[in-house]
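The values are calculated or read from the model by the stated rules, or taken from the named source; none is laboratory data. Just so we're clear, the structure is a prediction, and the values are computed from it rather than from any experiment. Note that we place each Cβ from the backbone using ideal geometry, even for glycine, and neighbour counts take in every protein chain shown.
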Amino acid sequence: MTKDLFSLEGRVALVTGGSAGIGKMIAAGFVARGARVYISSRKAEICDAVARELSASGECVSLPQDISTVDGCKALAAAITRREPTLDILVNNAGAAWNAPFDTFPESGWDKVLDLNLKSPFFLVQALHGALKKAASRGWPAKVINIASVDGIRLNPLETYSYQASKAGLIHLTQRMAARLIKDNICVNAIAPGPFASNMNIFARDQADKVARHIPAGRIGRDEDIQGAAVYLASRAGDYAVGIAIAVDGGATFAQPLESGQG
């Protein structure tokens, strides 16, 4: 059993926001471990192209869908359950951010971010509850992995009010859903990434060396860093992890002493 501990052979996974950034990294990691992976994102052409790219090393299918609304979540759930009667792994990765000064922070920037980052993960899990439940057993639970952020654990210097609130909320929502769904043999957990190069984190993408100076590990995250955490939670190795949030951030959150005078 130990040699198969991190295998995803025979598993079916859905990764939202899987055509770019952290979602694409996770999808690639799942494909490499033998899962049949469905990726979803708003832009069909990009989603289709990435699925073709990842299919070079395994099985990846494009399911384009905007999930910023409850109807969109239901549509994506219907699209995958038409193809797959059961779902072993759901990764809620699709997200948005908004940066604006406190006095002018707009309602649109609040609603867009909270809807996609916090509301949609709940309603997508709700819509896919039946498929996850069918896939699950006491000996082989289904998995839900919510992609939060270290910004939901500690403050960043940017005025990203709705983003930080949504990610903190997602970590707590992870715990609440975990408490309910574990009785259906569904393990719900979260990953809180730190700086990884992506369109969401343009500082890590465009100024990696500068950002790395503030990370105890001395670098930004690599694909295999996020893949390792996701594969752990998705595989048998993570079957006894329930309701946790793993910070994957090179020590920036929990291994960085305060500056002198801050404590």
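What residue, of G243, G250, G263, G169, is modelled with pLDDT of 95 or more, more than 30 Å from K3 (Cα to Cα) and not aromatic (F, W, Y)?
G169
Just wondering, is there one or more residues in the range 143-153 that are surrounded by fewer than 17 Cβ atoms within 10 Å (Cβ to Cβ) and in a helix (DSSP H, G or I)?
no
Of all residues in the range 101-115, how many are crowded, with 16+ Cβ neighbours inside 10 Å and either in contact with a Cys (Cβ under 7 Å, 6 or more places away or on another chain) or assigned to a loop (DSSP other than H, G, I, E, B) (or both)?
Looking only at that region, the number is 1.
Tell me, please, whether a residue that is among the aliphatic types (A, V, I, L, M) and over 24 Å from A97 (Cβ atoms) can be found in the range 159-173.
No, there is no match, as no residue in the range 159-173 is among the aliphatic types (A, V, I, L, M) and over 24 Å from A97 (Cβ atoms).
Of the numbered conditions (1) of a type outside the set (V, I, T); (2) more than 13 Å from the chain's Cα centre (by Cα); (3) assigned to a helix (DSSP H, G or I); (4) over 21 Å from A27 (Cβ atoms), N156 fails exactly one; give the number of that condition.
(3)
Is it true that N189 is at pLDDT below 95 and either exposed (fewer than 15 other Cβ atoms within 10 Å of the Cβ) or on the phi < 0 side of the Ramachandran plot (or both)?
no
Can you pull out the residues in the range 30-60 that are more than 21 Å from S120 (Cα to Cα) and touching a strand residue (DSSP E or B) at 6+ places or on another chain (Cβ under 6 Å)?
Hits for the range 30-60 are F30, V31, A35, R36, D48, A51, L54, E59, C60.
Residue-wise test of (1) in contact (Cβ under 8 Å) with a residue 60 or more places away in the chain; (2) in contact with a Gly (Cβ under 9 Å, 6 or more places away or on another chain); (3) within 22 Å of G109 (Cβ to Cβ).
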residue: V150; (1), (2), (3): yes, yes, yes
residue: P157; (1), (2), (3): no, no, yes
residue: G169; (1), (2), (3): no, yes, yes
residue: R176; (1), (2), (3): no, yes, no
residue: I186; (1), (2), (3): no, no, no
residue: S198; (1), (2), (3): yes, yes, yes
residue: V211; (1), (2), (3): no, no, no
residue: P216; (1), (2), (3): no, yes, no
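Working only within the range 12-26, note down all residues that are surrounded by 23 or more Cβ atoms within 10 Å (Cβ to Cβ) and in contact (Cβ under 8 Å) with a residue 60 or more places away in the chain.
The answer is V12, A13, L14, V15, T16, G17, G18, I22, G23, M25, I26.
Going by the structure shown, is R52 farther than 21 Å from I191 by Cβ, among the basic types (K, R), out of contact with any helix residue (DSSP H, G or I) (no Cβ under 6 Å at 6 or more places or on another chain) and without any contact (Cβ under 8 Å) to a residue 24 or more places away in the chain?
Here the answer is yes, as R52 does meet what is asked.
State all residues of the range 82-92 that are part of a helix (DSSP H, G or I) and over 21 Å from E9 (Cβ atoms); if no residue qualifies, say none.
Answer for the range 82-92, where residues must be part of a helix (DSSP H, G or I) and over 21 Å from E9 (Cβ atoms): just R82.
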